[in-house]
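Read-outs: derived from the displayed coordinates by stated rules, not from any lab. Being a predicted model, the structure only gives us computed values, none of them experimental. Counting neighbours? That spans all protein chains shown, and the Cβs are built from the backbone with ideal geometry, glycine included.
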Amino acid sequence: MLNPDIRTGARLAALAALGGLLVLLAPLAGPAAAGTGLEELGVVRNDTLLVERDLVIAAALRHNEMLAAGGEVRAAADAEALGAWRGFLPRVSLGAYRLRTDDALYGFGFKLNQRRATMADFAAPPAGNTLNEPGIGENNILQVRVQQPVFNAGMALYGKKAADAMAGAARHEHARAAETVRFHAVQAYEGLVLAKAYETVLLAALASADAHVAQAQAMVDNEMATEADLLQAKVHRDGLRQRLIEVRHQAATAGEHILLLTAADTPLPLAPAATPADDRAHGSDGAGNAAARADVLAAREQAAAAAHMAKVARGAMLPHLNLQAEKNWFHRDELFGDEADSWTFGIYATWDVFSGLEDVGALRQARARSRAAAHVADFAQRQAGLELDQARREAGAAAERLAVAADAVVSARESLRIVDEMYREGLASMVDLLDVQAMATQAEGDLVRARHDLRVSEARTIYAGAIDPAADREDRE
């Protein structure tokens with residue numbers, strides 16, 4: 001008799017847990033496939049790999065190991081959904097058996113199977129004792145069995161629906177994992193851009209600091225300034241050198257994150273490809289829809305699957321009806337012989353009327369899990385909406401900070417020019433000059449940071465709002 005596999009729920013729950021874990025681990029994932037070519041990231045120039053943002057994203061999506069693993073989890077869920085047809089389709093099995101025994105019961109059964117039992121087999125001692133002492137007997141059986149589910153109180157139907165829902169959830173989770181990998185690729189690239197831009201700012205500041213040291217040295221030599229002015233200029237320059245060391249380390253770290261995400265392996269340092277110096281963001285102005293986010297859709301599918309599994313548990317408490325047909329061929333000596341044959345057809349109506357409250361407990365457990373999954377889905381949608389609102393506010397604030405930072409740079413540069421001329425004429429002290437220089441460097445750094453924040457915040461808006469960046473790019477163009 002064929003009964004639906006009630007272990008489906010456990011296997012689906014395991015797939016869901018693994019899929020959720022992959023979504024969490026995708027941002028930290030390592031390489032998915034060895035052999036990522038450097039040309040997939042950019043071009044090599046002057047012993048430096050110049051990477052492009054779109055190429056970094058594409059390479060991460062192609063080669064991320066955990067994303068590939070998520071694809072296999074999705075394939076496993078699809079296979080589980082395919083296997084759930086077992087509750088509707090017949091099961092056909094073939095068997096070939098060779099049995100040897102001196103057991104009296106089996107030995108007499110072999111003779112009956114082979115249609116060779118005679119009255120002599122019933123002879124009592126002293127005429128004979130073959131019934132009690134049959135000796136060694138052999139039976140060769142060739143068997144064909146067909147089992148067909150007929151009615152299992154919805155267990156097959158809702159088990160199939162649960163498997164389909166979990167397959168849908170796995171697809172959505174894999175899509176969300178891809179979105180997560182994309183977002184972290186953007187973060188890694190923009191981190192590299194930020195570090196390299198800071199490096200440029202500090203190199204320019206160091207050039208000015210060197211000029212100030214030289215100027216202070218000349219004025220000390222001409223007894224127009226004190227030794228303290230020269231020492232202050234050198235301290236300021238050394239502070240910039242320390243910051244430059246830190247920024248270059250940050251650039252190397254950002255490059256390593258890019259290599260980790262994209263599975264590239266190169267000893268070359270990474271730098272962003274040259275792009276026009278503008279403040280245009282790469283993000284999206286689209287409204288987005290948190291309810292359409294892949295992780296929210298996955299939670300909805302998981303809730304639907306849990307609801308179907310509750311109905312499967314209910315079906316286990318109701319009557320079942322199944323069919324089985326069997327055909328056997330028997331032979332005394334040959335495994336595939338045809339000395340005799342038989343057939344069997346059975347209709348099985350079963351009903352576990354009382355199972356020690358196990359079925360009642362299973363039903364209550366399944367319903368509780370269904371309610372829990374529904375609550376999780378509701379919370380996931382509300383959380384997604386909150387994240388989208390926060391991402392929008394961050395993007396708006398970043399745009400405002402960028403405008404302010406750009407104005408501050410203009411003012412700082414002009415202030416530095418004026419104070420530098422005043423110092424040359426002896427109308428300002430070295431302390432005044434270095435203070436203005438530090439403020440100018442800070443303003444340049446703030447502008448770099450503001451550009452970075454704007455682009456990352458708009459990438460976060462895309463990530464939080466289920467926005468298609470490719471479609472948005474077409475709209476902008």
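Name the residue farthest towards the positive end of the dipole of region 152-311 from the options 204, 217, 152, assuming +1 on Cβ of Lys and Arg, -1 on Cβ of Asp and Glu, about the Cα centre. Towards the positive end, the residue furthest out is 152. For residue 114, what charge total do you get from the other residues with a beta carbon under 15 Å from its beta carbon, if Lys and Arg give +1 and Asp and Glu give -1? Net charge around residue 114: -1. A simple charge model with +1 on the Cβ of Lys and Arg, -1 on the Cβ of Asp and Glu and nothing else charged puts the dipole of the chain at about 2480 debye relative to its Cα centre. Partner lysines whose Cα lies under 27 Å from the Cα of residue 327, excluding those fewer than 8 positions away in the same chain, are identified as 111. Placing +1 on the Cβ of every Lys and Arg and -1 on the Cβ of every Asp and Glu, with nothing else charged, gives region 149-297 a dipole about its Cα centre of roughly 960 debye.
Considering only 360, 118, 262, and ranking their Cα positions along the charge dipole of the chain that arises from unit charges at the beta-carbon of Lys, Arg, Asp and Glu, the one farthest toward the positive end is 118. Take each peptide in 361-370, 332-341, count the other Cβ atoms within 10 Å of every residue, and average; sorted highest first, the result is 361-370, 332-341. The gain in end-to-end length when the residue 85 to residue 350 segment is fully stretched comes to 93.3 nm, 0.36 nm per residue minus the alpha carbon separation.
The charge dipole of region 98-143, taken about its Cα centre with unit charges on the Cβ atoms of Lys, Arg (+1), Asp and Glu (-1) only, comes to about 240 debye.
So for the chain: antiparallel DSSP bridges make up what percent, rounded to the nearest 5? Antiparallel bridges: around 90 percent, rounded to the nearest 5. With R₀ set to 22 Å, the beta-carbon distance separating residue 211 from residue 252 gives a calculated FRET efficiency near 0.20.
To test your reading of the geometry: what angle, between 0 and 90 degrees and rounded to tens, separates the Cα axis of helix 430-465 from the longest principal axis of the chain? Once rounded, one gets 30 degrees. Footprinting exposure proxy ranking of 309, 224, 422, fewest other C-beta atoms within 10 angstrom first, gives 224, 422, 309.
Peptide packing: for 390-402, 130-142, the average count of neighbouring Cβ atoms within 10 Å per residue gives the ranking 390-402, 130-142, highest mean first.
Length gained on full extension, residue 146 to residue 378: 79.0 nm, using 0.36 nm per residue less the C-alpha separation. If you take the beta carbon distance between residue 48 and residue 203 as r and set R0 to 25 Å, what does 1/(1 + (r/R0)^6) give as a FRET efficiency, to the nearest 0.05? For residue 48 and residue 203, the calculated efficiency is 0.95. Taking label positions 7 Å along the Cα-Cβ direction at both residue 439 and residue 318, the computed distance is 8.0 nm, reported to one decimal.
Let me check I've understood the local charge: for residue 215, count other residues with C-beta under 10 angstrom from its C-beta, Lys and Arg +1, Asp and Glu -1. What total comes out? Local charge sum for residue 215: -2. Here the gap between residue 241 and residue 98, fully extended at 0.36 nm per residue and compared with their Cα-Cα distance, gives a gain of 42.9 nm.
Principal axis extents of the Cα atoms in region 305-441, from largest to smallest and rounded to whole angstrom, are 121, 44, 23.
Farthest toward the positive end of the dipole of the chain, out of 60, 288, 375, is the Cα of 375, where the dipole comes from beta carbon charges about the Cα centre. Relative to the longest principal axis of the Cα atoms of the chain, the long axis of helix 227-262 lies at roughly 20 degrees.
Taking other C-beta atoms within 10 Å as the exposure proxy, 415, 457, 342 rank 342, 415, 457 from fewest upward. In terms of surrounding Cβ atoms within a 10 Å radius of their Cβ, 92, 419 rank from fewest to most as 92, 419. Only DSSP H runs of four or more residues enter the estimate; each adds -39500 (n - 2.57), and after division by the residues of the chain the mean residue ellipticity at 222 nm equals -22000 deg cm²/dmol. Values [x] 1.02; [y] 1.30; [z] 0.98 are given for comparison; Rg/Rh (Cα atoms, Kirkwood Rh), derived from the coordinates here, is the one labelled [y].
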